[in-house]
Amino acid sequence: KRVAVLISGNGSNLQALIDATKGSTIAEIVLVISNKDNVKGLERAKLANITSMVIDHKLHNSRESFEQQLDSALTCAGVDFVCLAGFMRVLTGYFVSRWRGRLINLHPSLLPAFKGADAIGDALAAGVRVTGCSVHFVEESVDAGVIISQAAVPIAINDTKETLAEKIHTAEHKIFPQALLDLAAGKIRLNQEGNRLVT
Ligand SMILES: Nc1nc2ccc(CNc3ccc(C(=O)NCCCC(=O)O)cc3)cc2c(=O)[nH]1
Ligand SMILES: N[C@@H]1O[C@H](COP(=O)(O)O)[C@@H](O)[C@H]1O
């Protein structure tokens, strides 16, 4: 299956996906799209000889126009599945309706807890003893799609945002590739109503 990865920054999860699909006959990353230029994730794609491109949302007058360009690049590349890996633009129903069931995201908390843009900081501030990360199908409502897999990460008493983020990233780099391979292999899928995981 042909896979695209959308990024906005460092791309450590992109790197994990690249490493996990190297030599795989199940899934092949054929395209990396960033909404920001000069980010480390684009260097990672180039090093892996994966086609990459920048689609700058600031050059578009509307979210829909930006998403039309995204959709057309993905469709032209014959992409089957799309992974959001640190992609920080909220997608509208225009894009989600076209890619529902083929579009997954990785979030650094045990959803439904700690949705939003600072999940790691929010978990620390809340004083919970366990957090983690979640892979989910993308729905219009942010961080609210059907959950595919999760990993728990204990919060140590002396954990800082940096040390906790490091532990969460380690867990992310395990569950995201596994979820993608299961999806690409047809081991899991979203049901027709878009509200249940079918294995
Ligand atoms: N519709 C849909 N789209 C998404 C786009 C990105 C992510 C990644 N996680 C994200 C979670 C939250 C945000 C966020 O609130 N950013 C500040 C506003 C940025 C903006 O104006 O766009 C971004 C990405 C998840 C989703 C999702 O669950 N559903
Ligand atoms: N969506 C969140 O953004 C971060 C991206 O990190 P990277 O993959 O760019 O290193 C990860 O923590 C991911 O869960």
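The values are calculated or read from the model by the stated rules, or taken from the named source; none is laboratory data. Please read all numbers here as calculations on a predicted model, not as lab measurements. Cβ: placed from backbone, ideal geometry, glycine included. Neighbour counts: every protein chain shown.
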Every residue from region 164-199 that is basic (Lys, Arg) and either over 19 Å from Lys1 (Cα atoms) or not in a loop (DSSP other than H, G, I, E, B) (or both): Lys167, Lys174, Arg189, Arg196
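Could you list, in sequence order, all residues of region 75-99 that are of a type in the set (A, V, I, L, M) and either crowded, with 16+ Cβ neighbours inside 10 Å or touching a strand residue (DSSP E or B) at 6+ places or on another chain (Cβ under 8 Å) (or both)? First the steps, then the outcome.
Residues of region 75-99 that are of a type in the set (A, V, I, L, M), as a first pass: 77, 79, 82, 84-85, 88, 90-91, 96.
Scanning region 75-99 gives Ala77, Val79, Val82, Leu84, Ala85, Leu91, Val96.
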Are any residues in region 1-24 in contact (Cβ under 8 Å) with a residue 40 or more places away in the chain and among the charged types (D, E, K, R), and if so, which ones? Lys1, Arg2, Asp19
Just name the residue that is nearest to Gln68 (Cα to Cα) out of those in region 117-147 that are part of a loop (DSSP other than H, G, I, E, B) and more than 14 Å from the chain's Cα centre (by Cα). Glu140
Quick test for you: out of Ser72, Ser109, Ser134, Ser149, pick the one residue that is surrounded by fewer than 13 Cβ atoms within 10 Å (Cβ to Cβ) and modelled with pLDDT of 95 or more. Ser72
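Name the residues in region 87-105 that are within 13 Å of the chain's Cα centre (by Cα) and more than 8 Å from ligand 1 (Cβ to nearest atom), would you?
Quick first cut of region 87-105, residues within 13 Å of the chain's Cα centre (by Cα) only: 87-91, 102-105.
Selection gives Arg102, Leu103, Ile104.
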Could you count how many residues in region 112-123 are farther than 25 Å from Asp182 by Cβ, at pLDDT 95 or above and surrounded by fewer than 18 Cβ atoms within 10 Å (Cβ to Cβ)? 3
